[in-house]
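The values are calculated or read from the model by the stated rules, or taken from the named source; none is laboratory data. Here the structure is a predicted model, which is why all the values come from computation and not from measurement. Using ideal geometry, Cβ is built from the backbone for each residue, glycine included, and neighbour counts are taken over all protein chains shown.
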Amino acid sequence: MTTEKKKKSKIVPIILAVLIVIGAIFGIREYIYYSHHVDTDDAQIDGDISPVVARVGGYVEDIRFEENTRVQEGQVLVKLDDRDYKVKLEQAVAGQKGASAGVTVSQSQIAATAANTATARANAEAARVKMVLAQKDFERYANLIKDGSITQQAFDQARATREAAEAAYTAAKDQLVAAQKQVGTTQSQLAVSSTGVTQHQADVDFASLQLGYTEIKAPATGIVTRKNVQKGQLVQAGQSLFSIVNENSIYVTANFKETQLEDIRSGAKVKIEVDAYPAADVRGEVYNFAPITGAKGSLLPPDNATGNFVKVVQRVPVKIRITNAPKDILEKLRPGMSVKVSVSINE
């Protein structure tokens, strides 16, 4: 009996010693780990989600995708009935052709008025020469009438010829001025016609753009979700049709406590454990930090100026870029999935 008691008395200290050693090892490992890492399980997969909206209204003629399938950037996903927009484009093209014809007419008028101006200038010069000649003849006749070498009738005839030449020269000058003004007027008309061509070209461009919007294309390569369109449906400009999760923008948003941020730096290495695929080796690095806390960015942020304030540790969203992951796992990651992240510090 005494021997059994002695054995029992030795076993208890041994068990306690083993437990203490195990606890010490576990505690030391935890201390070493947490002195070099910052962890949080308040994290999830995130990504850029591109909403696709109709830029013009119309009836849906064809849908060329299935929900939750992968599409390529630039791929036509929805086709609207474009007959109305083709008619508008034809009208705009017809208006442009009419405006271009008006420019051609104005250019022809400029050429004609330029020719008229040249003719008027020549006529004015000829009238000036005649007027100078008539003036000289009148001066000679004026000297001859003094000594009676010519008759009064001849002198009166010379004076009438001079006055007629002066009147003809004045009329020719007025015609030249009028022709020059006509050139300016025609040039102004050409400028107006050219402006009309530019306006009609803008109408053609706009109509062509509207016609192009009847083909709704994928803005990015990714997975289609939130489909909200059916064949034959009348959609309005600005109406949301579906969304695309950009497959090249998958990242992790980790909400760290504000007391954990002291040692976290941009570029720090991160181990990511995805709840859905715990065995997958996914790595990343800290990319940047949100400028506000999650609570401050909520729809109804708390007002700390109230009298019933209770201090609560806030969390700051940190963006983590995925740098290494198995291809098959990366293709399966979806925004909203829960993950646990471990940031390496003191490296």
Item to check | Output for the range 35-63, where each listed residue is farther than 12 Å from Leu80 by Cβ and not in a strand (DSSP E or B) | outcome: Ser35, His36, Gly47, Asp48
Checklist entry - Out of all the residues in the range 293-318, which are surrounded by 13 or more Cβ atoms within 10 Å (Cβ to Cβ) and touching a residue at least 24 places away in the same chain (Cβ under 8 Å)? => result Thr293, Gly294, Gln314, Arg315, Val316, Pro317, Val318
Checklist entry - Which of the residues belonging to the range 158-201 are at pLDDT below 75 and farther than 30 Å from Gly98 by Cα? => result Ala158, Leu176
Item to check | Test: residue in the range 340-347 that is under 22 Å from Ile49 (Cα atoms) and in a loop (DSSP other than H, G, I, E, B) | outcome: no
Next on the checklist: Quick check on the range 267-284. Is at least one of its residues of a type in the set (Ser, Thr, Tyr) and touching a residue at least 40 places away in the same chain (Cβ under 8 Å)?
Outcome noted: yes
Checklist entry - Exactly one of (1) modelled with pLDDT under 90; (2) more than 30 Å from Val78 (Cβ to Cβ); (3) surrounded by fewer than 13 Cβ atoms within 10 Å (Cβ to Cβ) is unmet by Gly267. Its number? => result (1)
